[in-house]
Amino acid sequence: MILAVPNIKAAEKWVLQSEKRSERNKSAKSRLKTLYKGAAGAGEAAAASEVESAFDKAARKGIIHPNKAARKKSRLAKAVQRGPVAPKTAKGRARKK
């Protein structure tokens, strides 16, 4: 694939800035997913509060949409109310080699 190289000097800078921003946003989104899964599985209100503030901060910075942050916070609150989730275990089937 041939990447389009900008003719304008400022556009070259914009490309670099966009790459840097997207890399930083990708890292932040991955961190949010990890925090969310941990808090939803634990079912603890203290952990949920920390995750909710992380979602608010990400929405404020424009990393995720504010509605997505609200939806995730709502689902997290429901998961905390349900309580901790038991870890999944293997069914005991032998693997084929």
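Nothing in this text is a laboratory measurement; each read-out follows from the coordinates by a stated rule. Fair warning: this is a prediction, and the values are worked out from it, not measured in the lab. As a convention, Cβ positions derive from the backbone with ideal geometry for all residues, glycine included, and neighbour counts pool all protein chains shown.
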Quiz item: Residue by residue, what Karplus-based ³J(HN,Hα) values in Hz, rounded to whole numbers, does region 22-27 have, using 6.51, -1.76 and 1.60 with θ = phi - 60° and x for Gly and Pro?
Solution: 5, 5, 5, 5, 4, 5
Quiz item: In which sequence would Thr34, Thr89 go, from the one with the fewest C-beta neighbours within 10 Å to the one with the most?
Solution: Thr89, Thr34
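Please tell me the relative contact order of region 30-82 in percent, rounded to the nearest whole number, where contacts are Cα pairs under 8 Å and at least six residues apart.
Working: 39 pairs, mean separation 23.1, N = 53.
That works out to 44 percent.
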Self-check item: GNM flexibility winner over the chain from Leu35, Leu76, Leu16 (Cα, springs under 10 Å)
Solution: Leu16
Practice problem: Compute the projected area of the convex hull of the Cα atoms of region 30-82, averaged over all viewing directions, and report it in nm² to one decimal place. | Solution: 3.0
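Let me have the relative contact order for the chain, percent, based on Cα pairs under 8 Å that are six or more residues apart.
Here the relative contact order equals 28 percent.
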Quiz item: For Lys20 and Val5 in one chain, what is 0.36 nm times their gap in residues minus the Cα-Cα distance, to one decimal in nm?
Solution: 3.7 nm
Exercise. Convert each backbone phi in region 77-82 into a coupling constant with the Karplus relation 6.51 cos²θ - 1.76 cosθ + 1.60 (shift: θ = phi - 60°), then list the ³J(HN,Hα) values in order as whole Hz, x for Gly and Pro.
Key: 4, 5, 5, 5, 5, 5
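Rule-of-thumb check for the chain: C-alpha Rg over 2.2 N^0.38 Å? Don't skip to the end; give the middle numbers.
Details: Rg = 19.8 Å, N = 97, 2.2 N^0.38 = 12.5 Å.
Computed over Cα atoms of the chain, the ratio equals 1.58.
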Practice problem: Return the single residue from Val85, Val51, Val15 with maximal mean-square fluctuation; model: Gaussian network over the chain, springs between Cα atoms under 10 Å. | Solution: Val15
